[in-house]
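The structure appears below as structure tokens.
The values are calculated or read from the model by the stated rules, or taken from the named source; none is laboratory data. Just so we're clear, the structure is a prediction, and the values are computed from it rather than from any experiment. Neighbour counts are summed over all protein chains in view; Cβ atoms, including those assigned to glycine, are modelled from backbone coordinates with ideal geometry.
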Amino acid sequence: MYGDEATIRRILNELGDTWAVVGLSSNRSRAAYGVAQVLQRFGKRIVPVHPKAETVHGERGYASLADVPFEVDVVDVFVNSELAGPVAEEAVARGARAVWFQLGVVDEDAYERTRAAGLEMVMDRCPAIEIPRLSL
């Protein structure tokens, strides 16, 4: 398991309120759209990161993580596993405090590199499931 309960709680409660959601677009049928809504209700500022750079849930979007002009605390990754590692590396490079790979997003090497760089990390989990499960 890649993300024990203590790590999940720490990311959700202590590591900051600005979450870049990589893969978030205005497509309402995608999981990222609903998860971003849950994060907003939980008090997080979401930052859509998608090549289309669309405004989603009232927040301006950016084409890449590198384009976000302010600090990001957590990078929530909704891209396929083959693309997730480079996103984690970019999160490390820009000083994020944590990386969260969504359900089905698994890259064990990226997990090890990200943890070795000092970031908290959860993989193959969903904050929209964990928030109610942990009664947060």
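Which residue is nearest to LEU83 (Cα to Cα), if the candidates are limited to region 40-51 and must be crowded, with 19+ Cβ neighbours inside 10 Å and of a type in the set (A, V, I, L, M, F, W, C)?
Top of the filtered list is VAL49.
Mind checking whether some residue in region 29-44 is in contact (Cβ under 8 Å) with a residue 40 or more places away in the chain and more than 24 Å from ARG10 (Cβ to Cβ)?
Yes; the residues of region 29-44 include at least one that is in contact (Cβ under 8 Å) with a residue 40 or more places away in the chain and more than 24 Å from ARG10 (Cβ to Cβ).
Give me a count of the residues in region 1-47 that are assigned to a helix (DSSP H, G or I) and among the polar types (S, T, N, Q).
4
Residues are listed down the side, and each one gets a yes or a no for (1) crowded, with 18+ Cβ neighbours inside 10 Å; (2) at pLDDT 95 or above; (3) farther than 19 Å from ARG115 by Cβ:
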residue	(1), (2), (3)
ARG10	no, yes, no
GLU14	no, yes, no
VAL21	yes, yes, yes
LEU24	yes, yes, yes
VAL38	no, yes, yes
ALA53	no, yes, yes
GLY58	no, yes, yes
ASP67	no, yes, yes
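Out of the residues in region 108-134 meeting the condition of being under 11 Å from the mean Cα position of the chain (by Cα) and assigned to a loop (DSSP other than H, G, I, E, B), tell me which one is farthest from GLY3 (Cα to Cα).
Here the residue is CYS126.
Can you give me the number of residues within region 107-120 that are over 14 Å from GLU90 (Cα atoms) and surrounded by 15 or more Cβ atoms within 10 Å (Cβ to Cβ)?
Within region 107-120, residues that are over 14 Å from GLU90 (Cα atoms) and surrounded by 15 or more Cβ atoms within 10 Å (Cβ to Cβ) number 2.
I need every pair where a residue in region 83-109 that is over 15 Å from ASP124 (Cβ atoms) has its Cβ under 6 Å from the Cβ of a residue that is in a loop (DSSP other than H, G, I, E, B) and of a type in the set (Val, Ile, Thr), sequence separation at least 6 or different chains.
Taking only residues 6 or more apart or on different chains, the pairs are ALA96/VAL72.
Go through (1) under 14 Å from the mean Cα position of the chain (by Cα); (2) in a loop (DSSP other than H, G, I, E, B); (3) surrounded by 15 or more Cβ atoms within 10 Å (Cβ to Cβ) and name the single condition VAL87 misses.
The number of the failed condition is (2).
So, ASP76, is that one assigned to a strand (DSSP E or B), surrounded by 14 or more Cβ atoms within 10 Å (Cβ to Cβ) and of a type outside the set (A, V, I, L, M, F, W, C) or not?
yes
Being of a type in the set (Val, Ile, Thr) and under 13 Å from the mean Cα position of the chain (by Cα) is the requirement here; does VAL105 meet it?
yes
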